[in-house]
Amino acid sequence: MRIAERTAYPPSPLSLIPASVSTFLDAYWLPLGVATVVVSVLLIWLIWWALVVRRRLRWPLYARRVISAPELQLYQRLVRALPQQIVLAQVQVSRVLGVKPDYDFHEWNNRICRLSYDFVVCAPDGYVIAAVELDDSSHELEERMATDAKKDAATAAAGVPLIRWHVRAMPDVRAIQAAFKVLARVPRMP
């Protein structure tokens, strides 16, 4: 037994804690442990929210150019050629054409809702005079030709004149004025 008496063990870390703190820890170890876990989970959640969720809440969008350089050139010519009219650019077809009563609105509106006109020329009171399309080489693709055919059919069904000019043969101010001189005002739907 003398060997066991000679062996000295270092003091336990708990024996270094003052008695009052040790008593406190003995009494509140469970609530302190739970509080530590809750605070840790909350901290992890806040970090996750800051890095992941908040990023998802921000829409990944930016402002981009609405009109191409050739379209801008034609727009400026349309405005100069037709000073008494309102010239609108990049107008959704469903804003120009309406579905007649007694027809299924959603069925017919869905056919045109993703289409747009390059330009819409309106009278000063906001009613449509004509739609204008500026075609480039992309309009020679089969898929684009089908979209153009659908747009042409919808526009013709509503009685709205649709003028198509090619970017390689863009009209000047006089040619635009001549084209619009022959157009009659589009009849209004009640």
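Per-structure values
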| quantity | calculated |
| --- | --- |
| Residue in the range 114-127 that is in contact with a His (Cβ under 9 Å, 6 or more places away or on another chain) and not charged (D, E, K, R) present | no |
| Verdict on L72 being at pLDDT 90 or above, within 26 Å of the chain's Cα centre (by Cα) and either surrounded by 10 or more Cβ atoms within 10 Å (Cβ to Cβ) or among the aromatic types (F, W, Y) (or both) | yes |
| Unique residue being part of a loop (DSSP other than H, G, I, E, B) and surrounded by 15 or more Cβ atoms within 10 Å (Cβ to Cβ) when the list is V132, V121, V99 | V99 |
| Within the range 140-156, considering residues that are touching a residue at least 12 places away in the same chain (Cβ under 8 Å) and of a type outside the set (D, E), the one surrounded by the most Cβ atoms within 10 Å (Cβ to Cβ) | T155 |
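The values are calculated or read from the model by the stated rules, or taken from the named source; none is laboratory data. Just so you know, these numbers come straight off a predicted model, no measurement behind them. All Cβ positions, glycine included, derive from the backbone under ideal geometry; neighbour counts span all protein chains shown.
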